[in-house]
1. Consider residue 91 against the criteria (1) surrounded by fewer than 14 Cβ atoms within 10 Å (Cβ to Cβ); (2) under 21 Å from residue 148 (Cβ atoms); (3) at pLDDT below 95: it satisfies all of them except one. Which criterion is unmet?
2. Restricting to the range 74-116, give me the number of residues that are in contact (Cβ under 8 Å) with a residue 60 or more places away in the chain and outside any strand (DSSP E or B).
3. Go through the range 27-47 and count every residue that is exposed (fewer than 12 other Cβ atoms within 10 Å of the Cβ) and on the phi > 0 side of the Ramachandran plot.
4. Given 79, 75, 24, 3, which one is more than 27 Å from residue 129 (Cβ to Cβ), at pLDDT 95 or above and exposed (fewer than 10 other Cβ atoms within 10 Å of the Cβ)?
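The values are calculated or read from the model by the stated rules, or taken from the named source; none is laboratory data. Here the structure is a predicted model, which is why all the values come from computation and not from measurement. We place every Cβ from the backbone using ideal geometry, glycine too, and count neighbours over all the protein chains shown.
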């Protein structure tokens, strides 16, 4: 019995160590929330990841989205910041969510980690298109998206 307990303890400690070393490698950089909600799906925005670097691109997106009332800010200084926006596909349930959970800076790139969150039950009441929009400091590095 002691031998089984010892084996289980060693396995748990090894797993915990591998998780913590992963977290240390991927230090999340701060980002600022612009908006996170769901569209009706009728706006015609395809499932996509967008990096917005100009005022014109930002204005075009806001017009396409139609409703930006819940945005925390709409005036962006594009000399200091750029926008990262992720749009999920249109889903058959109001319970779907999408979330940018981490931006990790490496020597030549930035990785944006995105989670798609499925509903816990079946709510087929309304179609939605989840989105999440944040701003990060301007960078010349390539931006890659990683979905979990």
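1. (1)
2. Within the range 74-116, residues that are in contact (Cβ under 8 Å) with a residue 60 or more places away in the chain and outside any strand (DSSP E or B) number 1.
3. 1
4. 79
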